[in-house]
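Coordinate-derived values only; no laboratory data. Note that the coordinates shown come from a computational prediction; the quantities given were computed from them, not determined experimentally. Backbone-built Cβ (ideal geometry, glycine too); neighbour counts: all protein chains shown.
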Amino acid sequence: MPKVILFMKRRKGITHEEFRAAYEGSHARLAEKFFGKFMVDYRRNYIQRDQGVSHRTDGGTDDDYDVITEIWYRTEEDLRGMWAANQEPAIKAELEADGDAFDTDAVRFFVVDEVLRNPG
């Protein structure tokens, strides 16, 4: 089952709470509207900096990203269908107009091969 992981960061000048409200209140709904037919599951994982368990081995700060998004697709064809839909001018324009909360230069997008631990 194809999976995509996105690392996203809020734009400068907005709080983590404002970023989350914008993502959940609007952007995630647009993703469901335009791409829901392609997705099996769509999860947003917000970084919890106040938990004191973040760790960086490179000495950098732990505010590089604010959310890690995971999206699963039934087939490679569904993944390609989502990507094609994302390139349609009307959809692309609406998503970009809604993306004020995101630092779009910092978005990282990966197709991954997920391996599940077998507890057996």
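Quick rundown of the values:
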{"item": "Amide H within-cut-off set for ASP103, under 5 Å, with H built and near neighbours excluded", "result": "LYS9, ARG10, ARG11"}
{"item": "Amide proton proximity set for VAL40, modelled H, under 5 Å, gap of 5+", "result": "TRP72, TYR73, ARG74"}
{"item": "At 0.890 mPa s and 25 °C, Stokes diffusion of segment 70-110 via Kirkwood alpha-carbon radius, µm² per second", "result": "210"}
{"item": "Cut-off 12 Å between beta-carbons: net charge of the residues surrounding ASN86, Lys and Arg +1, Asp and Glu -1", "result": "-1"}
{"item": "Simple Cβ-charge dipole of the chain, Lys/Arg +1 and Asp/Glu -1, about Cα centre, in debye nearest 20", "result": "180"}
{"item": "Lysines whose Cα lies under 24 Å from that of LYS37, excluding same-chain neighbours fewer than 8 positions away", "result": "LYS3, LYS92"}
{"item": "Cα lying deepest toward the dipole's positive end in the chain, options ALA90, THR75, HIS27, charges on Cβ", "result": "THR75"}
{"item": "Calculated from backbone phi, Karplus (6.51, -1.76, 1.60) coupling profile of segment 43-48 in Hz, x at Gly/Pro", "result": "10, 10, 10, 8, 5, 9"}
{"item": "Förster-model FRET efficiency, 35 Å R0, ARG49 and GLU114, C-beta, rounded to 0.05", "result": "0.85"}
{"item": "Hz values of 3J(HN,Hα) by residue in segment 27-34 - Karplus curve (6.51, -1.76, 1.60), Gly and Pro given as x", "result": "5, 5, 5, 5, 4, 4, 4, 7"}
{"item": "Potential extension, ALA106-GLU94 segment - 0.36 nm per residue separation minus Cα distance", "result": "2.4 nm"}
{"item": "Cα-derived Rg over Rh, computed across the chain with Rh taken as Kirkwood radius", "result": "0.99"}
{"item": "Gained length - TRP83 relative to ILE68, 0.36 nm times residue gap less alpha-carbon distance", "result": "3.5 nm"}
{"item": "Packing rank of 95-101, 83-89, 111-117, where each peptide gets the mean count of other beta carbons within 10 Å, highest leading", "result": "95-101, 83-89, 111-117"}
